[in-house]
Structures are given as C-alpha cells and as structure tokens.
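*Asks:* Just dropping this structure here.
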Amino acid sequence: MSRRFHYFNVFITKNGNATTLQFSDFIEQVLLINWANRIRKINLHPTSLFEVAVPVVDQTCRVAAIGKYRQQVKPYIGDINTDTAKMINNDIIEMVTLVVAPMTRTVLVEFNFYGCKVKDIEAYFNSFFATNDQNEQWGVIFTPVNSDRSIENIRASNDIRDVSLKMNTSISSFEKLLATSQEPNRRNTLFGKLLNLIKDIEENTDAPIVNLSFGKGRKRKIDLDAGEILKLIELLDIDNNESVQSCRVEYKNISTGKYEPLELKNVGIRSDVILENDNGNPGWDFVGDKILEKYIEKKRPGSASRLDGKISYVKAKLPDLIEEPREEHAVPVQEGQRRDLQEDNLLALHD
C-alpha cells in the first residue's frame, strides 16, 4: 500500500530561538530513557519512541519509529480460509516512521490516519523538557516545508468537479463539528446537509468511518458551487479536526487547463509518496529506507538553508532531560507479565 510522507524543518529552541543543537542527537538521548518513563500519555493515548536506526544509504541520517497505542476499538484477526474471527487481546500500536536529516535540519514524517499527528509528536518530545524555569524554556518545533500547491489553487480555479470526504464519526471532534453544522444559519447549507447525511449513514450502518463523494455529472442539472465548497472546506477545519481523515478534490488547474486531484489534508505542506502499487505491509524500518531513498532521489528538498537570513541560531548545550514524566503524561506500566493479558489469553484458550 502506498505511503505518503510530509516534509518539515525541525529545530530545538531555547526561549523561542532556534539553537545549533541537532534533533537527531536529542532523540538518541530520549531513547536512553527506560521504557516505563519513555512512554508518555499524549492526547489521551500512550505514545513512545520505540527505536532509532542508522540507515545504510546515508549514515548521517536517522530513521525512528514512534508509536501510539490504540487500547479501544480493536480490530479482529482471522484466517481468510475459515470463518474464524478472534479478538485481539494485546494492545494495538499505530506506528509512524520519522526520517531525520540533520545536515539539512529536515524531518520526513510518514502520514498515518490512526497514528501520531505532528502536533502530538511535538508534544511528546517537548514533555522531556523542564518547564519550571521561566528563564530557560526549551522546545522542539516542526515547521512545515511549503508545497507548490495550496488551497489558493482551488480558489483561483473556481471549477471543482469532484469532492471526496472521509470522516471518522467516533472521534469527539466530529460531534462538535456536527453541532456547529446544525446551527440554524447553517443547517440548510452544503456544510449542514453533508454533516447530517454523514451522521445518518453512521447510524444506519453502525460504521464509524464514512466515505462520501459528490461531484459533477452529465445528468446533473446544476454545477457544484465552488464558493460554497470553499466555505465547506473552511468550516471543516481540515488540518485541525482529527475527525476529517481526508478531503480530496478534483479541480481545473488554471496553469495547465487540466483537471487534477488534490488532497487538502495538510495541503500546504510538501509531500511525496512511496511504495505505490505495493500490496505488502512493510515494517517501519523498511518504510524509513524508502522515504530516505525518495528524499535523496528528489535532491533533498526543503533544507533549512533556504531560511538563512530569517533564522538566527544560538549556540546551546542540551539540558538534562526530564526522565520521570509529569502527572499529566504518566502511563501506568506493570512490572513483569501483564495480568490483564494473561486473563484474556486464558479466556481465549477456553473459547
């Protein structure tokens, strides 16, 4: 299955100023922290840096795996040759691969619908810095590398042929979005009608993930109103609302005169795709190698050097990291074998 990744510049900051410190050195220090303290609760989910590897193709780079645990709504496992379906007792980990290129201060982040988002990755790494000294505030910042296409391409076109939405109705932000859409002044708009339809589909199918597409057709009596679609996109707050998993449009590019698809989730951020037409399920390290190969093939775009003159770096020494998580980030970790999993496995043996 194809994988998309996004380009970011990454900086370790002190009092809001970018430092000369390298992110690759920082994550290797995080990896030295024992597991019970390295795993942190971020945005309600246990999250942790799992491994950091040195890729053969460029040993100045690092490939890292950061995972988010899904402890609810677990899928089943089975065998396609039988009608057997078994519940998964162990925790489910959604892994995201990071490729760090320290020479260009660039990090390439795999996009996973269910995995950590960039803001969660930032929050995870920032949880290792002390916050009690107002004179010394540290942080990790991911700055998007701008794409050559953005929502402005859609605004300039005024000709949208198709729109496809993928929504996760089980996320709390969907309920907030739905409530907003049903306000009296929005209920009968495209925004209100679509959100109401998505809710109806979810209730009638009991499926939390809803895919909805609409567009022009030869038998349509009216064209899609580009202005109303742009308003819909604005109200969906695509990049900040996790319930919107995808919003894809097909529009007429005024530069080429052709209809082109454009994914609007993180549209302003440069991205690339790997493993196209690949039906395998590779591990995070293989994904990282392929991301790095694509990055090198593209001549290493997005270097922070393009920001020279806009950023002044200050020399700094990495502070001691906070090994024991603060209360809001603490995740209870049992010593030895998990008692709850042992009980589940015993029940499974009797089934």
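The values are calculated or read from the model by the stated rules, or taken from the named source; none is laboratory data. Every value quoted in this text rests on a predicted model; they were computed, and no experiment measured them. FYI the Cβ positions are ideal-geometry reconstructions off the backbone, even for glycines, and counts take in every protein chain you see. Remember, those area values only see protein heavy atoms, side chains included, never the ligands or the DNA or RNA. Shrake-Rupley method; radii C 1.70, N 1.55, O 1.52, S 1.80 Å.
*Asks:* Of all the accessible heavy-atom surface of the chain, with the other protein chains kept in place and a 1.4 Å probe, what percent is carbon and sulfur?
*Replies:* Details: 9330 of 19930 Å².
Taking all protein chains in place, the chain shows 47 percent carbon and sulfur surface.
*Asks:* Under 10 °C and 1.306 mPa s, how fast does the chain diffuse according to Stokes-Einstein, given a Kirkwood radius computed over C-alpha pairs? Answer in µm²/s, whole number.
*Replies:* Values: Rh = 22.9 Å.
Estimated via Stokes-Einstein, D reaches 69 µm²/s.
*Asks:* Hey, rough spin-label estimate for K299 and L32, points 7 angstrom out along Cα→Cβ, what's it come to in nanometres?
*Replies:* Reported label-point gap for K299 and L32 is 3.9 nm.
*Asks:* Averaging the inverse of every distinct alpha carbon separation and then flipping it gives the Kirkwood radius. What is it for the stretch 1-102, in angstrom units? Working shown, then result.
*Replies:* Values: mean 1/r = 0.0607 Å⁻¹.
After inverting the pairwise mean of 1/r, the radius is 16.5 Å.
*Asks:* Would you kindly state how much longer the chain becomes between F50 and E335 on full extension, computed as 0.36 nm times their sequence separation minus their alpha carbon distance, in nm to one decimal?
*Replies:* Numbers: separation 285, 0.36 × 285 = 102.60 nm, distance 1.82 nm.
The span from F50 to E335 would gain 100.8 nm if fully extended.
*Asks:* Now a separate question. Pull out a ≥ b ≥ c, the square roots of the eigenvalues of the alpha-carbon gyration tensor of the stretch 248-329, then state rounded if a/c is under 1.5, prolate if not and a/b is larger than b/c, and oblate in the remaining case. Intermediate results must be reported in sequence, preceding the final value.
*Replies:* Values: a/c = 1.97, a/b = 1.48, b/c = 1.33.
Judged from the Cα gyration tensor, the stretch 248-329 comes out prolate (a/c at least 1.5, a/b above b/c).
*Asks:* State whether the stretch 232-272 is rounded, prolate or oblate according to the following rule on the C-alpha gyration tensor (a ≥ b ≥ c being the square roots of its eigenvalues): a/c under 1.5 gives rounded; otherwise a/b larger than b/c gives prolate, and the remaining case gives oblate. Intermediate values should be presented prior to the final figure.
*Replies:* On the way: a/c = 2.64, a/b = 1.81, b/c = 1.46.
Prolate, since a/c reaches 1.5 and a/b exceeds b/c.
*Asks:* May I pose another question? Hey, rough spin-label estimate for I141 and F113, points 7 angstrom out along Cα→Cβ, what's it come to in nanometres?
*Replies:* Modelled inter-label distance: 3.3 nm.
*Asks:* While we're on this one: Please give the direction-averaged projected area of the C-alpha convex hull for the stretch 136-263, in square nanometres with one decimal. Before the final figure, lay out each step's value.
*Replies:* On the way: hull surface 44.2 nm².
Quarter of the Cα hull surface area: 11.0 nm².
*Asks:* Report the net charge of residues surrounding L318, where surrounding means a beta-carbon distance below 11 angstrom and charges are Lys +1, Arg +1, Asp -1, Glu -1. Mind dumping the intermediate values first?
*Replies:* Working: positive: K14, K317; negative: D25, E28, D320.
That works out to -1.
*Asks:* Under 16 Å from a label point 7 Å along Cα→Cβ of D159: give me every residue in the stretch 226-262 with its amide N that close.
*Replies:* Residues passing the 16 Å test: 226-227, 250-262.
*Asks:* If you stretched the chain out fully between I322 and M1, how much longer would it get, using 0.36 nm times the residue separation minus the C-alpha to C-alpha distance? Show your work: numbers first, answer last.
*Replies:* On the way: separation 321, 0.36 × 321 = 115.56 nm, distance 3.82 nm.
Contour length minus the Cα-Cα distance gives 111.7 nm.
*Asks:* Separate question: Given labels modelled 7 Å from the Cα in the Cβ direction, how far is it in nm from N81 to T60?
*Replies:* Distance between the two pseudo-spin positions: 5.1 nm.
*Asks:* Over the stretch 138-297, with the other protein chains present, what is the accessible area per residue in square angstrom, probe 1.4 angstrom?
*Replies:* Working: 8820 Å² over 160 residues.
It amounts to 55 Å² per residue over the stretch 138-297.
*Asks:* A further question on this structure: Return the FRET efficiency for the residue pair N17, T180: r is the Cβ-Cβ distance, R0 is 30 Å, and the value is rounded to the nearest 0.05.
*Replies:* With R0 = 30 Å, the Cβ-Cβ based efficiency is 0.20.
*Asks:* Right, another one. For the chain, what does the helix formula give at 222 nm: sum of -39500 (n - 2.57) over DSSP H segments with n ≥ 4, over the residue count, nearest 500 deg cm²/dmol?
*Replies:* On the way: 9 runs with 92 residues, N = 351.
Theoretical 222 nm ellipticity from helices: -8000 deg cm²/dmol.
*Asks:* Here is a further query. So for each of 50-61, 97-108 I average, over its residues, the number of other beta carbons within 10 Å; can you give me the resulting order with the highest mean first?
*Replies:* For the peptides 50-61, 97-108, the packing ranking is 97-108, 50-61.
*Asks:* Per 0.36 nm of contour for each residue apart, how much would the distance between E234 and I151 grow if the chain were fully extended, relative to their Cα-Cα spacing? Please list the in-between numbers first.
*Replies:* Working: separation 83, 0.36 × 83 = 29.88 nm, distance 1.00 nm.
So the chain would gain 28.9 nm between E234 and I151.
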